[in-house]
Amino acid sequence: MNRKKSIAVYTDGSCDPLHRIGSWAAILLIDDQKLVLKGKEPDTTHQRMELTAVLSALEYLEKNELSAQPIHIYADSQYVINLPKRRAKLERNSFLTNGGQPIRNADLVKNLIRYLDNSVIEFIKVAAHQKISAVENLNREADKLARSIIREHGRTEN
């Protein structure tokens with residue numbers, strides 16, 4: 001019996017407006033393997049980094065022909081978690097605000113919708129900045145990774 005396994009993805013993004021840098025991290029659990037993806041970008045926003053974390057994970061899964069498996073994305077970002085619910089309105093309004101301007105991050109939102117059309121993706125909201133406990137919390141680990149990238153950038157600039 002060839003049963004599809006699901007993939008768990010824990011994501012987080014961070015942004016430091018003082019240093020004008022953002023970072024993101026995604027932790028993928030594929031079968032018994034744990035894979036960490038991370039990166040940074042200049043002149044960005046927190047929401048953009050949250051989306052980039054999710055999209056980087058989905059891009060990795062697609063490139064490695066794993067996107068046909070069910071994907072569970074754990075994130076603390078209401079912005080990311082609620083995008084599938086807002087999809088119909090976004091498309092109906094052609095990704096424009098009420099004032100006729102493109103919504104922020106329209107490029108990333110459209111890319112995420114493309115993945116929603118081609119994969120089985122479930123978004124699961126997790127609490128942000130949870131305290132340390134005996135239970136492994138990969139969302140907290142993704143948060144720490146993203147924030148450490150920004151701290152490291154701040155040290156290298158000083």
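Values quoted throughout were computed directly from the atomic coordinates according to the rules given, and no laboratory measurement underlies them. In this text, all values refer to a predicted model and were calculated from it rather than measured experimentally. Positions of Cβ are backbone-derived with ideal geometry, glycine not excepted, and every protein chain shown enters the neighbour counts.
Farther than 18 Å from SER119 by Cα, surrounded by fewer than 21 Cβ atoms within 10 Å (Cβ to Cβ), in contact with a Phe, Trp or Tyr (Cβ under 7 Å, 6 or more places away or on another chain) and not small (Gly, Ala, Ser) - does that describe any residue in the range 29-36?
Checked against the condition, which is being farther than 18 Å from SER119 by Cα, surrounded by fewer than 21 Cβ atoms within 10 Å (Cβ to Cβ), in contact with a Phe, Trp or Tyr (Cβ under 7 Å, 6 or more places away or on another chain) and not small (Gly, Ala, Ser), the range 29-36 yields no hits at all.
Considering only residues of the range 63-114 that are among the charged types (D, E, K, R) and outside any helix (DSSP H, G or I), which is surrounded by the fewest Cβ atoms within 10 Å (Cβ to Cβ)?
Of the residues in the range 63-114, the ones among the charged types (D, E, K, R) are 63, 65, 76, 85-87, 89, 91-92, 104, 107, 110, 114.
In the following step, the residues that additionally are outside any helix (DSSP H, G or I) were identified as 65, 76, 104.
Details: GLU65: 8, ASP76: 21, ARG104: 13.
My answer is GLU65.
Restricting the range 101-125 to residues that are of a type in the set (Lys, Arg) and without any contact (Cβ under 8 Å) to a residue 40 or more places away in the chain, which is farthest from VAL9 (Cα to Cα)?
Once the filter is applied, the top-ranked residue is LYS110.
Quick test for you: out of ASN111, ASN98, ASN93, ASN64, pick the one residue that is within 20 Å of ILE7 (Cα to Cα) and over 13 Å from the mean Cα position of the chain (by Cα). Quick ask: steps written out before the conclusion?
Details: ASN111 fails: over 13 Å from the mean Cα position of the chain (by Cα); ASN98 fails: within 20 Å of ILE7 (Cα to Cα); ASN93 fails: within 20 Å of ILE7 (Cα to Cα).
Among ASN111, ASN98, ASN93, ASN64, only ASN64 is within 20 Å of ILE7 (Cα to Cα) and over 13 Å from the mean Cα position of the chain (by Cα).
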